Amino acid sequence: MSESKAVVMQGAAAEPTYLKIEGLWKAFGDFLALKDISLEIAQGEFICFLGPSGCGKTTLLRAVAGLDPQTRGTIWQGGRDISELPASQRDYGIVFQSYALFPNLTVERNIAFGLENTRRPRAEIAARVRELLDLVGLPDQARKYPAQLSGGQQQRIALARAIAINPGLLLLDEPLSALDAKVRVHLRHEIKELQRKLGVTTIMVTHDQEEALSMADRIVVMNHGVIEQIGTPTEIYRQPATLFVADFIGETNRVATTYSDGAVTIGDAVLQTHAVGLANGAPVTMAVRPEDVLPHASADGAAPRPNHLDVRIEAMEFLGSYWRTHLTSPALGDTPLFANFSMNAVRRFGLSAGASLTVELPAERVLVFPRGGEDG
Amino acid sequence: MADATVLPEGRNVRLRIDSDGWIKRAFMGVIALYLVVALALPLYAMLSKSFVTYSFDLTRYEFQVSDESGAVWGDPVTAAELNDRLGEFAPDDLRSSSDGRLSVTDLFPDFSFRSPVMYRIRGTTDNAPYLVGLDLQNSTDWRELDSNTFRRVNLRPVADTGLQNYQEYFSNPALFSSIENSLYIASISTVLTVLFAFGFAYAINRSCMPLKGAFRLIAMMPILVPSLLPGIALIYMFGNQGFLKPLLFGQSIYGPLGIVIGSVFFTFPHALIIISTALSISDQRQYEAAESLRASKWRTFWTVTIPGARYGLISAAFVTFTLVITDFGLPKVIGGQYNVLAIDIYKQVIGQQNFEMGAVVSVVLLIPAIVAFVIDRQVQKKQVSLLSARSVPYEPKPNRRFDMAMLAWCTIMGIFIAGIIAVCQFAALINYWPYDLSFSLRNYDFNKMDGGGWGAYWNSLELAALTAVIGTAIIFVGAYMVEKIDGFKTGRAAFQFLAMLPMAIPGMVLGLAYIFFFNNPANPLNAIYGTMAILVVSTVTHFYTVGHLTALTALKQIDAEFEPVATSLRQPFWRLFARVTVPVCLPAILDISIYMFVNAMTTVSAVVFLYSTHTALASVAVLNMDDAGDIAPAAAMGMMIFYTNATARVLHAFASRSILRRTQAWRVR
């Protein structure tokens, strides 16, 4: 599988590589938290390490920061080998989930913490602090203590403090996890804007796929200490390299089956796919996303078309912007199929529990993954 | 897939250590060195001393005797042969201490110092020490002496290592019975203290009785006085001329009875704090569940309250047991002829100058102290996990009968505690008990008594202030380094062990260990022996652990990510330490310093071996004045310690509040 993890530099090829990780391993006793991680990040890129808890994403970030050194492997930053440099000699700013604001210092003292002690004149520091406060949109909060601010405000102060020293690399460790859903969505946008404005190479660790999809230039999906896939948000979503990625990002219907001649068989139904490079008879898992199940008016008596199934609606659940629908089909036997139908589709086709209709599983949207691995 | 992969061969990546890393290691090294010198080496010296035995080895000496002319010499003969012939010394006579001397003329029945007979003596081995007059000789060359000089020849014992001291100790019924006595009084005191303290803590946490604050204050008073003060009060109440003596119905207060009552007094606040903490963390919801299941109050008590507080009870029991079994002041004052281990150490060392035997008793005393310590640590760990659970605090509901019963119990305990202090105060202020009860300040005229006078009080104040300042600085910096250093696991574990060790070492043992280590002329640190410095070092070390744990708790509550953030901002660690860590931990730092101060004022056990004439201490003066029969001045000096500690507490409370208001404005939203 390591071939599929070869670094693809699509979309970022124009910028030179800023951070390069090669053959990184991390062992905690017998447990391998990172296994042979290689990765290149371009100058100015916004990268997300995405994965479930325990996948190694935070371990990887801490290795980059020099907080917990890797066991094997090399890290270059801006052409400099930083593998063995202590954290104090690396060049980054960091924001933690806890914000780690100094509680006994005011907002401006917090932001100025990295600026003092640098022989800079006082006035210059004050000006820089004002500039940063404006940048994060909190110009009037300078004299408050962190405890007097809301979570979102604290997060922005932490960000301002981290970028105050103009670091070459910005590391964000689950920066939005402690916030309310609304604030989180708002801050996502703000952080992304700020990052674009500053052009600072940024790595963000998150377990929240929405966060990763909406903010990152490229996403590194990790699981069990290995990289499952690196790609832009659309690549990751549209062409998941592994079943794990398909499952972890978005939702999928998944069915174990076998492959033959470009198609998979489920019960009586034969579904065409665009999968290539698989031997006939290979055990595979077919996956299709609920939103890729397309409704058509029921065509009774018409000749069966490829990748079309006659289904019955067992139950419908209203989830605000769409209906989550539980479908069964004689062709699929016992295997249930879930589909997300838009409000419009439900109205247009008059869908309700107990109704029958035809759905299409477009061949290009039917994903096939070889079975037998741990995720199979 | 990935599971099949294995870590490639090669060297583990290790980060280079930056200047911060080196400075932190250096700091930790210095403080670890302090603990090694002030704790590990003295204990080692004591332990090895307990295995050292001294005896005269007669096979090592040879003699030659001349005839009356002084020119014709007989055959050389060893001292052992002479003794075999004469049977002068039995094997027991040849056992000795480091100071022992054996007169050689006893081996020569015909010896007369006026005779013209000449004598020759030499060693048969390299180590055959003997004295000629005051000159120490150690040579295999013959030395010729006339009779008059030969009279002044003494053999010196040679050191050997072995278990003889222990054999002697355990075969001596008087010494051995001390073990029984110590265990006996410690067990009884523990049971009583834990029961009483539980009742008190229960009243404070689970009832709606009035005056809780006042009771809490009274219950903490024993911490402010030396442990021997209740002994003095008990003598006034129940002693030979005590005004409550008839209440004892002929029993004597001097002995186990007095020790147990006094022990309950001085261990009460320690047990109360622990049990009260355990009771205060209980969960209201469990009681609501019990009530909804219609459990009786009694059943709820045994199925919810007691299990919830069990770690606190166990911990309180071990702390009390250790305090009692290692206490020296109380049995000294009121123990009478009742010997306990701590007294034996004192008697062996101060009374008989038998340091080796003192070391043996110390090792024996270490065993229960270490066992109690280890068990307590295990229990404490479990208690912490209980504490961290999210729970709804228990809110007691008024219940008149129950509240009145609780009030009655607290009043009894309050009268007991306040009464003991009041009796001491009374004794200090009257002219001459029981004959002249008029008011007088005569007893405060310490300069007219033995024990060090007012100088002792000022010395104590100096010791307490130095201990509070230096001790707090060392402890807090040490705890910071051990908590916030990156990597260096072995070093940190070793440091942590050294920092926990003092809690298991009784003060008497530490003091004796210091004699062995610092009073050794070969030790370059010998210079601090007999100075204020050794008192400060011993006191800081003796009370190190509690301060260390307080500092660690405070440091663990600080966000662990402050250090990485400061590092990423390219700031040295000491800047974060000064600007953030210390200010945020200031309440804990003040707590450590008041703890060190109060304990330095009251401690007797470690310093009793270490003070000199110009560094006499108030707490030791109480002991010595009591010993000399000046009981009223002893009570007065005890009260001086009480006033001082009470004042220090009040000042500490004010200082904490104002510092908190000024520097910790951030705590208020």
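The values are calculated or read from the model by the stated rules, or taken from the named source; none is laboratory data. Computed from a prediction, not measured in an experiment: that's the story for all the values here. No Cβ is skipped: glycine too gets one built from the backbone with ideal geometry, and neighbour counts run over all protein chains shown. Heavy atoms of the whole protein, side chains included, go into the accessibility calculation; ligands, DNA and RNA do not. Shrake-Rupley method; radii C 1.70, N 1.55, O 1.52, S 1.80 Å.
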Out of segment B:1-10, which residues are open to solvent by 70 Å² or more (accessible area, probe 1.4 Å) and either out of contact with any Gly (no Cβ under 7 Å at 6 or more places or on another chain) or more than 14 Å from chain A (Cβ to nearest Cβ) (or both)? B:Asp3, B:Ala4, B:Val6, B:Glu9
Filter pass, A:Arg80 being at pLDDT below 95, over 23 Å from the mean Cα position of the chain (by Cα) and crowded, with 20+ Cβ neighbours inside 10 Å: no
Are any of the residues in segment A:172-179 open to solvent by 40 Å² or more (accessible area, probe 1.4 Å), in contact (Cβ under 8 Å) with a residue 60 or more places away in the chain and under 30 Å from A:Val245 (Cα atoms)? yes
For a quick check of your reading of the model, give me the residue pairs whose first member lies in segment B:565-588 and is more than 9 Å from chain A (Cβ to nearest Cβ), whose second is assigned to a helix (DSSP H, G or I) and among the small types (Gly, Ala, Ser), with beta-carbon atoms closer than 6 Å and at least 6 apart or on different chains. B:Cys585/B:Ala554; B:Ala588/B:Ala554
Give the residue that is modelled with the highest pLDDT, with candidates limited to residues of segment A:49-67 that are facing another protein chain (nearest Cβ under 9 Å) and open to solvent by 30 Å² or more (accessible area, probe 1.4 Å). A:Arg62
Can you tell me which residues in segment A:261-283 are of a type in the set (Val, Ile, Thr) and either assigned to a loop (DSSP other than H, G, I, E, B) or at pLDDT 90 or above (or both)? A:Thr273, A:Val276
Suppose we filter B:Lys489, B:Lys397, B:Lys484 for residues that are among the basic types (Lys, Arg) and in the same structural domain as B:Phe265 (by TED's automatic domain parsing); which single one remains? B:Lys397
Any residue that is of a type in the set (A, V, I, L, M, F, W, C) and touching a strand residue (DSSP E or B) at 6+ places or on another chain (Cβ under 9 Å) - is there at least one of those in segment B:586-595? no
For segment B:483-542, which residues satisfy the criterion of being open to solvent by less than 30 Å² (accessible area, probe 1.4 Å) and polar (S, T, N, Q)? B:Asn523, B:Ser538, B:Thr539, B:Thr541
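For (1) more than 19 Å from B:Met639 (Cα to Cα); (2) open to solvent by 40 Å² or more (accessible area, probe 1.4 Å); (3) in a helix (DSSP H, G or I), each residue gets a yes or a no:
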site: B:Ala197; (1), (2), (3): yes, no, yes
site: B:Gly213; (1), (2), (3): yes, yes, yes
site: B:Arg216; (1), (2), (3): yes, yes, yes
site: B:Gln251; (1), (2), (3): yes, yes, no
Every residue from segment B:126-176 that is open to solvent by 80 Å² or more (accessible area, probe 1.4 Å), aliphatic (A, V, I, L, M) and closer than 16 Å to B:Arg95 by Cα: B:Leu163
Check on B:His548, surrounded by fewer than 24 Cβ atoms within 10 Å (Cβ to Cβ) and either more than 14 Å from chain A (Cβ to nearest Cβ) or touching a Leu at 6+ places or on another chain (Cβ under 8 Å) (or both): no
Meets criteria (farther than 30 Å from A:Asp91 by Cβ and open to solvent by 20 Å² or more (accessible area, probe 1.4 Å)) for B:Ile594: no
Enumerate the helices (runs of 4 or more DSSP H) found wholly within segment B:18-137, keeping only those where 1 or more residues are acidic (Asp, Glu). B:19-35, B:79-86
Taking B:Ser440 as the residue in question, decide whether it is assigned by TED's automatic domain parsing to the domain that holds B:Ala342, among the hydroxyl-bearing types (Ser, Thr, Tyr) and open to solvent by less than 50 Å² (accessible area, probe 1.4 Å). no
Considering B:Gly336, B:Gly329, B:Gly414, B:Gly358, which residue is surrounded by 14 or more Cβ atoms within 10 Å (Cβ to Cβ) and at positive phi? B:Gly336
Could you grab me the full set of residues in segment A:315-348 that are part of a strand (DSSP E or B), among the polar types (S, T, N, Q) and within 27 Å of the chain's Cα centre (by Cα)? A:Thr325, A:Asn340, A:Ser342
For segment B:11-59, name all the residues that are open to solvent by less than 50 Å² (accessible area, probe 1.4 Å), in contact with a Ser or Thr (Cβ under 9 Å, 6 or more places away or on another chain) and within 14 Å of another protein chain (Cβ to nearest Cβ). B:Val13, B:Leu15, B:Asp18, B:Asp20, B:Gly21
Of all the residues that make up segment A:330-358, how many are among the charged types (D, E, K, R) and open to solvent by less than 50 Å² (accessible area, probe 1.4 Å)? 0
Can you tell me which residue in segment B:443-458 is surrounded by the most Cβ atoms within 10 Å (Cβ to Cβ), limited to those that are over 27 Å from the mean Cα position of the chain (by Cα) and in a helix (DSSP H, G or I)? B:Asn443
Could you tell me whether any residue of segment A:174-187 is out of contact with any helix residue (DSSP H, G or I) (no Cβ under 7 Å at 6 or more places or on another chain) and within 13 Å of another protein chain (Cβ to nearest Cβ)? yes
Out of (1) modelled with pLDDT of 90 or more; (2) open to solvent by 20 Å² or more (accessible area, probe 1.4 Å), the odd one out for B:Lys245 is which? (1)
Criterion: aromatic (Phe, Trp, Tyr) and under 22 Å from A:Arg218 (Cβ atoms) - qualifying residue of A:Phe46, A:Phe28: A:Phe46
In segment A:88-105, what residues are at the interface with chain B (Cβ under 7 Å from one of its Cβ atoms), open to solvent by 20 Å² or more (accessible area, probe 1.4 Å) and within 24 Å of the chain's Cα centre (by Cα)? A:Ser98
Given (1) facing chain B (nearest Cβ under 9 Å); (2) under 24 Å from the mean Cα position of the chain (by Cα); (3) not aromatic (Phe, Trp, Tyr), A:Ile75 misses just (1)
Please state which one of A:Leu327, A:Leu319 is crowded, with 16+ Cβ neighbours inside 10 Å, without any contact (Cβ under 8 Å) to a residue 40 or more places away in the chain and not small (Gly, Ala, Ser). A:Leu327
Among A:Glu40, A:Glu108, which is the only one that is more than 26 Å from A:Glu211 (Cβ to Cβ), open to solvent by 10 Å² or more (accessible area, probe 1.4 Å), away from chain B (no Cβ under 11 Å) and not basic (Lys, Arg)? A:Glu108
Please give the number of the condition B:Leu437 fails out of (1) in contact with a strand residue (DSSP E or B) (Cβ under 7 Å, 6 or more places away or on another chain); (2) assigned to a helix (DSSP H, G or I). (2)
